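Some notes on the structure that comes next.
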Amino acid sequence: MDTDPKVFVISGPSGAGKGTLTEILLKRVPSLARSVSATTRKPRPGEVDGVDYYFLTKEEFKKHIEDNDFLEWAVVHDNYYGTLRSMVDKELAVGRDVVMVIDVQGAANVKNKMPDAVTIFVEPPSMEELVKRLKLRNTESEAELARRLKNAEAEMMLAKNYDYVVINDDVDRAAGELVSIVEAEKIKN
Ligand code: 5GP
């Protein structure tokens with residue numbers, strides 16, 4: 001039986017592994033399309049414009065705000081991030097489910113506008129593990145790392161507002177849980 005396409009929102013602190021889990025989810029659930037966000041953050045090595053993010057200047061981003069192009073936007077770690085309405089609408093219009101990987105403020109805004117959106121919070125097994133993973137990733141400066149850890153503590157307090165919490169203690173196990181949640185929600189009306 002066909003059901004309406006669904007919106008899935010994934011949040012979690014930087015370093016919790018939501019990027020890796022989402023990549024696996026996208027491979028295992030072919031009906032899902034990832035919403036590519038816009039950001040004013042500088043690209044990390046290997047990141048591609050239009051694939052990982054739309055990398056915009058602050059002026060370009062502000063123009064999109066003025067033009068009401070965003071479904072939601074927020075300032076995260078001192079940069080602007082936003083979900084383009086057109087990105088989500090075009091996928092839903094052709095019957096594809098959409099997954100967006102966005103911060104806690106964005107998730108709350110999407111849930112307000114789209115109460116049927118399914119929200120999933122990805123948690124690291126512990127704060128110690130999060131520190132270890134962020135240091136291993138080695139993509140942030142010391143100051144940026146400290147900022148992300150401080151935000152992580154605040155974000156973790158909001159996990160209780162989500163429909164589901166997935167603890168990323170083991171990538172395969174957590175990815176399996178994420179796939180099960182999405183599959184189960186997709187067949188609900
Ligand atoms: P990063 O800089 O590590 O790619 O992302 C930093 C944070 O911004 C992450 O929590 C990520 O989920 C969030 N983020 C990415 N895109 C969006 C978006 O479109 N809207 C919001 N609100 N947050 C986003």
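The values are calculated or read from the model by the stated rules, or taken from the named source; none is laboratory data. All figures in this text were calculated on a predicted structure; none of them were measured in a lab. In this analysis, Cβ positions are derived from the backbone assuming ideal geometry, glycine residues included, and neighbour counts consider all displayed protein chains. Only protein heavy atoms, including side chains, enter the accessible area calculation; ligands, DNA and RNA are left aside. Shrake-Rupley method; radii C 1.70, N 1.55, O 1.52, S 1.80 Å.
Among residues of the stretch 91-110 that are touching a residue at least 60 places away in the same chain (Cβ under 8 Å), those with a Cβ under 7 angstrom from a residue that is more than 8 Å from the ligand (Cβ to nearest atom) and open to solvent by 50 Å² or more (accessible area, probe 1.4 Å), sequence gap 6+ or separate chain, pair up as VAL99/ARG34; VAL104/LEU158. Scanning the stretch 149-163 for residues that are open to solvent by 70 Å² or more (accessible area, probe 1.4 Å), in contact with a Ser or Thr (Cβ under 9 Å, 6 or more places away or on another chain) and either under 24 Å from ILE24 (Cα atoms) or free of Cβ contacts under 8 Å to residues at least 12 places away in the same chain (or both) yields one hit, ASP163.
Which of the residues belonging to the stretch 2-30 are part of a loop (DSSP other than H, G, I, E, B), away from the ligand (no atom under 13 Å from the Cβ) and either open to solvent by 10 Å² or more (accessible area, probe 1.4 Å) or under 22 Å from HIS64 (Cα atoms) (or both)?
Initially, the stretch 2-30 is screened for residues part of a loop (DSSP other than H, G, I, E, B), giving 2-6, 12-17, 29-30.
Those left that are additionally away from the ligand (no atom under 13 Å from the Cβ): 2-6, 29-30.
Matches in the stretch 2-30: ASP2, THR3, ASP4, PRO5, LYS6, PRO30.
For the stretch 70-78, the count of residues that are open to solvent by 40 Å² or more (accessible area, probe 1.4 Å), over 13 Å from the mean Cα position of the chain (by Cα) and more than 26 Å from ASP4 (Cβ to Cβ) is at least one. In the stretch 63-88, the residues that are at positive phi form Cβ pairs under 6 Å with partners that are at pLDDT below 95, at six or more places apart or across chains, as follows: HIS77/ARG147. One residue stands out among those in the stretch 31-89 that are small (Gly, Ala, Ser) and part of a loop (DSSP other than H, G, I, E, B): the one that is farthest from the ligand (Cβ to nearest atom), which is SER31.
Considering LYS188, LYS135, the condition of being within 23 Å of GLY46 (Cα to Cα) and among the basic types (Lys, Arg) is satisfied by LYS135 alone.
Restrict the check to the stretch 103-112 and report whether at least one residue is within 25 Å of VAL182 (Cβ to Cβ) and part of a strand (DSSP E or B). Please lay out each step first, then the result.
Of the stretch 103-112, the ones within 25 Å of VAL182 (Cβ to Cβ) are 103-112.
Still in the running and part of a strand (DSSP E or B): none.
No, the stretch 103-112 contains no residue that is within 25 Å of VAL182 (Cβ to Cβ) and part of a strand (DSSP E or B).
Remark: pairs (first residue in the stretch 39-59, in contact (Cβ under 8 Å) with a residue 24 or more places away in the chain; second residue open to solvent by 80 Å² or more (accessible area, probe 1.4 Å) and assigned to a loop (DSSP other than H, G, I, E, B); Cβ separation under 9 Å; 6+ apart in sequence or on different chains) = ARG41/ASP78. Residues in the stretch 123-148 that are among the small types (Gly, Ala, Ser) and either in a helix (DSSP H, G or I) or crowded, with 16+ Cβ neighbours inside 10 Å (or both): ALA143, ALA146.
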